Amino acid sequence: MTGLVGAPPHGIVDPARAARRRVRQLLRTEVRLLRRFHVVTATIIVTALWVAVLLLAPAGARRVVAPLVLLTDVTALSFLFVPALLVLERMEGVEAALRMTPASASERIGVRVGATAALSLIAGAAVGVGAGLPDVAPRLVAVATMSVFFGLVAAAATGRAATLTTFLIRAPLIAVPLLTPALVYLLGLADAPVLDVSPVTSAVDMMYGRWHWTGLTWQLTCIAGVALLVARTPVGQPAAAAPAGVRRARRRRTHPGRYTIRAAVGSFARTDRRTLPADRLALMLLASVPLVALVVRVIGTVGVDWAQRRYGVALEPYLPLVQVVLLVIHTPVIFGALSGLLLLEDRDAGLLGPVAVTRATVATLVAYRLAASVLATALALGLSLPVAAVGHPAGVAGYVSTAVAAGAASVVPALLIAAVARNRVQGVAVMKVMSLPLYLPIAAWFAGAPARWLLAPVPTAWAAWAAWAATPGRAVAMALGAGLVSAGLAVPLVRQVVRNPNRS
């Protein structure tokens, strides 16, 4: 009898042992999901690219850039993939089935956040060791705490969102208040204690290789607070009903009579006009255009004086590079990625299959999405350049050519996501992998004329060259080049999407 003291009676399951078993099963499932949706592959590719970039950078620049990579890329894994997986499970009915199992929502989210944080920690270690950074320990601790923190914040922000687009709209409202104090501290604009209210501020300090014990305590406290919030907040629901606008459209839009492509495009446009405002996607895009343009304008005026006065750095010669990164390349990448995610949502919602057997065809829907992306990108950039006070040596022809080139380049990220990814989670992974190559053309600023042509297969390179063109003729030629390169890349990708409308 002595040996049985503390053991549960026969037939009664030990709760602690059962919980450990559930966690192990959930962890195995989570690892399979991360591998199945190519999250691990995407992380390996992006990490290897960043290590290569850091090794090629001068030692001084490496010490400055590495913490930014750890903050904005490595720790962002949880913020991207935790909500993507939650929304996917919700749309496929997996979440409803999991609620019938003994595993609680807190256990499921905890394991998911822990798995993605472990992946971030491995990536952070690879960046730190591969780039030869000193004092790796505090950097990795900060990566671990911020990965868990961002993952829990993303889970809370996902809430009852029925689509990934809904979360992407909420993301800036969460990320900006958390990151702004850290960026103010990082840029040396201020050093007030109030900046430490955001746990990201002390984490950035640790990512520079400096221990910050008070900040670490505050980070752990914030993690505990967000975890409590997630545990008490319902983060799931059955699949949401269609928005009211869509239901009204289904009742009203019968359109008897002869079919035309114009009628099909009009139907797609009416549906988007009703559904996109409900997700506030159009509002987010419209708001982002003047905000980024104003940031570029501030950098070009106050930022130049501040950099010279505080650090003795002449920023003015590099303004064309900053303008290209934040406007000419960023705009088509973002608009194209969102168009690709919308195509994935059309597929996941079961829309592409029925459209494929109608006279409208999937090709018409894809063409409509791409045309909308090109038009939105060109208009957004055309409005942003004057607001940002960006001058062009080629005048009006240069402005128009740059906007056209950026619009043409936007179809490539849209099609890469739609053609390669099978669902939203893989779409986020593809978006993460393709971002760095699409921003790679900034290297043309430092490369010689012959070496620049190695970047010719990248469509955003032609948009950058159009922005830097010295004459109207050269600007127009760069816009034509952007159109030809984008069309050449788009043809096989469009075929892949059209031939496999129900790919899953």
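The values are calculated or read from the model by the stated rules, or taken from the named source; none is laboratory data. In this text, all values refer to a predicted model and were calculated from it rather than measured experimentally. Every residue, glycine among them, receives a Cβ derived from its backbone with ideal geometry; neighbour counts consider all protein chains shown. Just the protein is used for accessible areas: all its heavy atoms, side chains included, with ligands, DNA and RNA removed. Shrake-Rupley method; radii C 1.70, N 1.55, O 1.52, S 1.80 Å.
Tabulated data for the structure shown
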read-out	value
Boolean, TRP445 is in contact with a Leu (Cβ under 9 Å, 6 or more places away or on another chain), aromatic (Phe, Trp, Tyr), modelled with pLDDT under 85 and over 23 Å from LEU379 (Cβ atoms)	yes
Which numbered condition ALA363 misses (of (1) surrounded by 22 or more Cβ atoms within 10 Å (Cβ to Cβ); (2) touching a residue at least 40 places away in the same chain (Cβ under 8 Å); (3) among the small types (Gly, Ala, Ser))	(1)
Test: residue in segment 299-317 that is at pLDDT below 70 and in contact with a Ser or Thr (Cβ under 7 Å, 6 or more places away or on another chain)	no
Where SER435 falls short, out of the listed (1) of a type outside the set (A, V, I, L, M); (2) at pLDDT 85 or above; (3) open to solvent by less than 50 Å² (accessible area, probe 1.4 Å)	(2)
Residue that is farthest from the chain's Cα centre (by Cα) [pool: residues in segment 102-133 that are open to solvent by 40 Å² or more (accessible area, probe 1.4 Å) and polar (S, T, N, Q)]	SER104
Residues satisfying the stated conditions in segment 375-404, i.e. over 16 Å from TRP468 (Cα atoms), open to solvent by 40 Å² or more (accessible area, probe 1.4 Å) and in contact (Cβ under 8 Å) with a residue 40 or more places away in the chain	LEU383, VAL387
Per-region count, segment 33-46, residues open to solvent by 20 Å² or more (accessible area, probe 1.4 Å) and either among the β-branched types (Val, Ile, Thr) or not in a helix (DSSP H, G or I) (or both)	5
Residue within segment 402-418 that is among the polar types (S, T, N, Q), in contact with a His (Cβ under 9 Å, 6 or more places away or on another chain) and farther than 29 Å from ASN500 by Cα present	yes
For PRO472: the one exception among (1) closer than 30 Å to ALA123 by Cα; (2) touching a Gly at 6+ places or on another chain (Cβ under 9 Å)	(1)
Helices (runs of 4 or more DSSP H) within segment 405-504 that include 2 or more residues under 22 Å from the mean Cα position of the chain (by Cα) and in contact (Cβ under 8 Å) with a residue 40 or more places away in the chain	411-420, 424-439, 459-468, 472-499
Filtered residues of segment 305-340 (kept if aromatic (Phe, Trp, Tyr) and open to solvent by 60 Å² or more (accessible area, probe 1.4 Å))	TYR311, TYR318
Hey, ALA466 more than 30 Å from GLY350 (Cα to Cα) and either charged (D, E, K, R) or open to solvent by less than 30 Å² (accessible area, probe 1.4 Å) (or both) or not	yes
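Here's the yes/no breakdown for (1) in a helix (DSSP H, G or I); (2) buried (at least 18 other Cβ atoms within 10 Å of the Cβ); (3) without any contact (Cβ under 8 Å) to a residue 60 or more places away in the chain; (4) of a type in the set (Asp, Glu):
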position	(1), (2), (3), (4)
ALA19	yes, no, no, no
ARG28	yes, no, yes, no
VAL31	yes, no, no, no
TRP50	yes, yes, no, no
LEU55	yes, no, no, no
GLY60	yes, no, yes, no
VAL64	yes, no, yes, no
LEU70	yes, yes, no, no
LEU77	yes, yes, no, no
